[in-house]
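Written out below as C-alpha cells is the structure these notes cover.
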Amino acid sequence: MAERAQPLTGTVAAGLLAAAAIPALILVTGGAVLTKATGASGLGPGDWAAIRFTLLQAALSALFSVALAVPVARALARRRFAGRSLLVALLGAPFLLPTIVAIFGLLAIFGRGGVLNAGLVALGFEPVSIYGLWGVVLAHVFFNLPLATRLFLQGWLDVPSERLRLAASLGMGPGAIFRHIELPMLARTAPGALLVIFVISTTSFAVALTLGGGPRATTVELAIYQAVSFEFDLGRAALLSAIQLGLTGAAALFALSFVGHAGFGAGLDRPTRRWDGKGAMTRTADSVAICLAALFLILPLAAVLIAGLPALISLPDVVWWSAIRSLGVAAASTLLVVALTLAMARAAVRRRSLARPIEGAALLAIAASPLVLGTGLFILVFPFADPTRLALPVTALVNAIVTVPFALRAVLPAWQKIEADHGRLAASLGLKGWARLRLVELPRLARPLGFSAGVAAALSMGDLGVIALFADSDTATLPLQVYRLMGAYRMEDAAGAALLLMLVSFALFWLFDRGGRVDADA
Amino acid sequence: MLTLEDVTFTRDGFSLTADLSLAPGSRTAIIGPSGGGKSTLLSLIAGFEMPDAGRILHDGTDITPLPPSDRPVAMLFQDGNLFPHLDVLTNVALGIEPVARPSSAAQKRAREALERVGLTEHTAKKPGALSGGQQSRAALARLLLTARPVVLLDEPFAALGPSLRRQMFDLLVELLPGATILMVTHDPDEARRSAGQVIFVDGGRAEAPVDVNRFFDAPSAAVSAYLA
C-alpha cells in the first residue's frame, strides 16, 4: 500500500495508545521512584554488597549455563535416539515453569534433606548447602541451561549441510570440524546467550528470595523487597530501584539484538546428518551429556510430582482460594496482553512507518524490572489507598506489561506476512475493519496469538514478584502461597500446592496454544 | 476508456513513466524485460501504488485518489488469489459482499457463478484441496461477480500448462466479454493469440500501445533486443 498523507485512523490511534502505555508506565513509576530516592542517604555497605552479589551471581549463572549447554546441544545436534524430540520439547518447559515450583523441586534434590545430601552422608561426606551463592546459581542454571541449549542447537542446525558434507568428503576429523565449523558458530552464538542469561539472572527475584538472603547473598531486587516489606523504607527502596533500573536497562536493550529467533524449539527436532563423531569416546561423551541434562531437568519435576501427588487431594482451602485468585490474575493479564498486542500489531501493519517505534516501545518493557514497576506503583498508590487491596490488579498489569514484548514478537511478523500475502487481495475486494480482521487476519493469526496467550497465562499464573510486595494473607496468589507454606515448613501442603501450580500453569499454556492450532489448516 | 495521463512513479531508485490510453474492451499484452516495471504498471492502475505525479482516468473520471476496492478494476495476481483458510464459496461470495458473513443472497449468486465455471461440486472445499486449474476457475468465478470493467492479469495462470492456460483465458473472455483486459506475458505467441495490442515496458517507460502484429513483425531496436 502506498503511504500518502494518511489521516489518524482509529486503528492507528488505538495502537499508538497501547504502545505508549508501556513507556508511560515505566516513566511514571520511574518518576515516582526517583522523587522518593532523592530523600535517601547514599548507599550503605549492604547496598554495595547487594550490587556486587547481583553482578557476581548473574555472571556465574551465565557462564555455567552457556558452558554446560555446549556439550548438551552438540550431542542433541548429532545424535538420534528414542525420546529425543521429547527431550527437546522438555527444554521449553522451564520457561513456563513457575519459579517457586522449580525451587521446590531443586530443594528436594539438592536441599538439606534432599536426595543428593542423603547420598553424600551415606557415603560419609559432609552435606552441602543449597542456600547462598551456589544455590542461586544452581537455580539459574536450571532455568537457563535449556535456553542456552536451544540457542546453540539452533546454531548447529543452521550450519549448512553442504558444509558438513564437504567436511566429510575432505575427511576432516573431529578436531578439524570443531575448529573450522563448530567454533565459528559457537563464537557467534555464545555472546548473545551469555548476555541474555546475564540479564535474566539480574532480575530473577523469586530465586534470590528463596535461596538467597543474608548479608552475603542478597540481590538488589531482594534488597528492594526487604526495604519495602520489612523496614518500610520507601526512600531506600526507591534508590535501590533506580540502581536496578540502570543495572538491567542498558544490558537488556543491548541483549535484545541477539535474541532474534530464540523460538520455542520449533523445527529443533530434526537432527542433522553427520559423518563425524562415530568414535567410542565421543559417543560416550554425548550419552553422558544427554543423560545428565535430562536428569537435571527431570529429577526436580519428578520430585514435585512424587511429593505433591499424595497431598493434592487434602490441600487446605487457602490454597484453593489462592489458586482461584491466581487464575483471575492470569485471565486478566492474558486478556490485557492479547488486547495490547493486537492493537499494537494492527497499527504497525496498517501504518508501516510506525512498526519500529511500536516495537521499540514494547521492548522497553524487557528493560524494566517488574519489581521496580511494582515499587513505583506501590509508592504511587500508598498515599491514596491500601496497597494490599490493589495487589491483584497491579500484579496482572505488571505481568501483562512484561509479557507484551514476547507476544508482539510472535504476532507482528505473522501479521506482516499476512499483509504481504493477502493484503492486496483484501484491498481489491474492499475487505476492511471487522470483516478483514474476522475473515482474514484473526484466523491466520490464531497460532501465534494462541501461543502468546498461553505464554502470558502461564507466566502470570506462576509469577512470584510484585505480588510479594503488595499481598497480605487475604490476597496471596498460588505461587506466594507455596512460598509461605515452604517458609512455614508445611512441606506436604507446599508440595501439593506446588504440583497444583505446575499443572495449572502447563494446562493453561496447553489450552491456549492448542486453541490456536485447532482449525488452523492451510 | 482507461487513460494514464503523464503518470510518473519513483521508489527506491526505480522509476516508471506512462502516458497512454486504452479503448474499452481492448485486450493489451504488457511485454518487457524483468524488473522493467510491468507489475508496477498494473499496481498503479489497480491502486496498490500511488503515482508521484499524473492522473489515472476511467471514462473521464479521475480514479487516482480511490482505494483499490473503489476502482473499476479487478486484478488476478500471480498467486494468492484465494484466501487459503476460507472455503471456495466464501472466497467467491466476498466478491459481492466483503463482510464477515456474506448474506444468503450473496452465497446464492456465488453458487451460480461457481456453477458457470464448473465447480459446483467443490464449493465447500478449501483452495488447498483444489487443483491449480480449479483454483483459477474459483478466482474467475469471483471476477465474474465483482463485474469490474477493467481486468488486470499479472500472470495468474503461469503455473498451469500451456493448454490449460489457454482454456482459462478463453473462459475469462467468455465470462466477461466486454472487459478491458491488460495482461503481463513473456510469451510472444500468447500475446498474438490473446491480445490486439502491446505495451512495451522497458527502461522505466511504458510505451503507448502498438498493434500486436506490427509490434512483432516490425520491432523497434529495443524490442528486437528484448525478443532476441
Which angle between 0 and 90 degrees, to the nearest 10, do you get for helix B:132-146 versus the longest principal axis of chain B when only C-alpha atoms count? 90 degrees
Charges at C-beta only: +1 for Lys and Arg, -1 for Asp and Glu. How large is the resulting dipole of chain A about its Cα centre, in Debye rounded to 20? 1860 debye
Mean separation of Cα contacts under 8 Å (at least 6 apart) over the residue count of the range B:89-228, i.e. the relative contact order in percent, is 17 percent
Which whole number gives the average, over all residues in B:75-86, of C-beta atoms from other chains lying within 10 Å of the residue C-beta? 5
Percentage relative contact order, the range B:27-136, counting C-alpha pairs under 8 Å, at least six apart: 19 percent
Among A:499-512, A:10-23, A:171-184, how do they line up by average Cβ neighbours within 10 Å per residue, starting with the highest? A:499-512, A:10-23, A:171-184
Assign unit charges at the C-beta atoms only (+1 for Lys and Arg, -1 for Asp and Glu), then state the dipole size of the range B:81-147 relative to its Cα centre in Debye, rounded to the nearest 20. 20 debye
Pairing the Cα long axis of helix B:162-175 with the longest principal axis of chain B, what angle in degrees results, from 0 to 90 and rounded to the nearest 10? 80 degrees
Could you work out how far apart the two model spin labels at residue A:161 and residue B:100 are, taking each label as a point 7 Å from the Cα in the direction of the beta carbon, and quote it in nm? 4.5 nm
Cα-based shape type of the range A:319-381, given that a ≥ b ≥ c are square roots of the gyration tensor eigenvalues and the cut on a/c is 1.5: oblate
Test of understanding: ordering A:219, A:9, A:475 by Cβ neighbours within 10 Å, fewest first, what list do you get? A:9, A:475, A:219
Rounded to the nearest 0.05, FRET efficiency between residue A:384 and residue A:67 (Cβ-Cβ, R0 60 Å) equals 0.75
Under the span-like rule (Cα at least 30 Å along the axis, Kyte-Doolittle mean at least 1.0), DSSP H helices of chain A: A:10-37, A:45-78, A:133-158, A:234-256, A:280-312, A:317-350
Work out the FRET efficiency for residue A:84 and residue B:225 from their Cβ-Cβ distance, taking R0 = 60 Å, and round it to the nearest 0.05. 0.55
Which value in deg cm²/dmol, rounded to the nearest 500, describes the helix-derived mean residue ellipticity at 222 nm for chain B, given -39,500 (n - 2.57) per DSSP H run of n ≥ 4 and division by the residue count? -10000 deg cm²/dmol
Net charge around residue B:218, counting only other residues with Cβ within less than 15 Å of its Cβ (Lys, Arg = +1; Asp, Glu = -1)? -1
Candidates B:160, B:176, B:82, ranked by Gaussian network fluctuation over chain B, Cα under 10 Å, top entry: B:160
Quick one: angle between helix B:104-116 and the longest Cα principal axis of chain B, in degrees between 0 and 90, rounded to 10, please. 70 degrees
Helix-derived mean residue ellipticity, 222 nm - over chain A, DSSP H n ≥ 4, -39500 (n - 2.57), to 500: -25000 deg cm²/dmol
Among the Cα-Cα pairs of the range B:81-147, the proportion with separation greater than 16 Å, in percent, is 32 percent
Leading residue at positive end of dipole, the range A:121-204 (Cβ point charges), from A:198, A:125, A:176: A:176
Can you work out the FRET efficiency for the pair residue A:295 and residue A:511, with r the C-beta to C-beta distance and R0 = 35 Å, to the nearest 0.05? 0.75
Over chain A, what is the relative contact order in whole percent, taking alpha-carbon pairs under 8 Å and six or more residues apart? 25 percent
Once you sort the root eigenvalues of the Cα gyration tensor of the protein assembly as shown as a ≥ b ≥ c, which label holds: rounded (a/c under 1.5), prolate (a/b larger than b/c) or oblate (the other case)? prolate
If the only charges are +1 at each Lys and Arg Cβ and -1 at each Asp and Glu Cβ, what is the size of the charge dipole of the range B:164-228 around the Cα centre, to the nearest 20 debye? 20 debye
Ranked highest first by average number of other Cβ atoms within 10 Å, how do A:127-140, B:124-137 line up? A:127-140, B:124-137
Greater than 29 Å apart at Cα, pairs in A:432/B:108; B:38/B:125; A:432/B:126; B:38/B:126: B:38/B:125; B:38/B:126
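A short reminder: the numbers here are calculations on the coordinates, not readings from a lab. Just so it is clear, the structure is predicted and the values come from calculations on it, not from any experiment. All Cβ positions, glycine included, derive from the backbone under ideal geometry; neighbour counts span all protein chains shown.
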